[in-house]
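Below you'll find the structure I mean.
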Amino acid sequence: MPSLKKITPGQPQIFLTVDTETDCPPYLHTFRGITEGIFPLLSLLREEDVPATFFVTGEVAETCPDIISCLIPEGHELASHGFGHRDFTGLDRESARRDIQRSLDILRPFGPIDSFRAPYLRFPEDYLDLLEKVGIRIDSSRAKYKPAYLQKSRQTSLQRIPVSVTSSVLRLPAWIRTPWLGALRSPVVLFVHPWEFVDLREADIPLDCRFRTGRAALVCLREVIRFYRKRNFQFRKMQDLLQDRT
Ligand SMILES: [Zn+2]
């Protein structure tokens, strides 16, 4: 397994993350992203030599363990995306605790789990201690483009690293996407989903979920990776942040 990468002082950082879940929740409940979409994604990451952080639901790891077991040996980080892709803002404290614990019980046999991202990028500030208590050290549940980001963060020992932009922006034509991505400040946190690399253009899901899915999404992602690499960004995993403190 490759060692953690320390930050080079002054170099801008980018975190490519993959929310690994059933297809386009809550609209579908199929696993085509995992059985089809993840393989071309992994090949692309290998070709471009990019380590990624995979936030995986317990449900996906339980259903497709052979595929999830490939991630850490490929040099990626395995992290938690909860168990059943529930919206934590609709869960009482005990249900939230159980969902997190259930995901960790399934994921930790695959390797160390240090990072967490809540489904739908929504997680109550009052529940942060639930993550602390089970050894999570990094939370990436907030998004810079959502109103909740402007609210005061609760005191926590977790490192919090918010998402910079929503996933569908990466699939926009380059002339719109490029200035948008170019304006994001380091550390840039991007996310994609394995189901975006399956052709879902005809699926009964919202337009922003289905447009330019499949091969076009892969082409876009390769362009995005090269865009940041050209600008001297360092691609890192969430776990690499833990190394910065030592
Ligand atoms: Zn998700």
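If the chain were replaced by its equivalent ellipsoid, with semi-axes equal to the square roots of 5 times the Cα gyration tensor eigenvalues, what would those be, largest first, whole Å?
24, 22, 19
So what is the 222 nm mean residue ellipticity for the chain from helices alone, if each DSSP H run of at least 4 adds -39500 (n - 2.57) and you divide by all residues, rounding to the nearest 500 deg cm²/dmol?
-8500 deg cm²/dmol
In the stretch 129-174, what trypsin sites (Lys or Arg not before Pro) fall in a loop by DSSP, with at most 10 other Cβ atoms inside 10 Å?
Here the sparse-neighbourhood loop sites are Lys152.
Another question, then. Just to be sure I follow the definition: excluding the sites themselves, where is the longest run in the chain that has none of the GluC sites (Glu not before Pro) in a DSSP loop with at most 16 other Cβ atoms within 10 Å?
75-201
Counting other Cβ atoms within 10 Å, which trypsin sites (Lys or Arg not before Pro) in the stretch 42-107 have at most 12 and lie in a DSSP loop?
Here no loop site has a sparse enough neighbourhood.
Then there is this: Around Phe31, with a cut-off of 10 angstrom between Cβ atoms, what is the net charge of the other residues, counting Lys and Arg +1 and Asp and Glu -1?
-3
For a quick check, take a GNM of the chain with Cα springs below 10 Å and name the residue from Phe83, Phe110, Phe54 with the largest mean-square fluctuation.
Judging by the Gaussian network model, the answer is Phe110.
How large is ³J(HN,Hα) for each residue in the stretch 42-49, as worked out from phi by the Karplus curve 6.51 cos²θ - 1.76 cosθ + 1.60 (θ = phi - 60°), to whole Hz, x for Gly and Pro?
For the stretch 42-49, the Karplus-derived couplings read 4, 5, 4, 5, 5, 4, 8, 6 Hz, x marking Gly and Pro.
Going through the stretch 130-234, which chymotrypsin sites (Phe, Trp or Tyr not before Pro) have at most 15 other Cβ atoms within 10 Å and a DSSP loop state?
Answer by residue number: Tyr145, Phe211.
If I take every Cα pair under 8 Å that is 6 or more residues apart in the stretch 124-222, average their sequence separation and divide by the length, what percent do I get for the relative contact order?
Once divided by the residue count of the stretch 124-222, the mean separation gives 23 percent.
None of the figures in this text is laboratory data; all of them are computed from the coordinates on show. Quick caveat, the model's predicted, so the values are computed rather than measured. Heads up, the Cβs are rebuilt from the backbone with ideal geometry, glycines too, and the neighbour counts pull from every protein chain shown.
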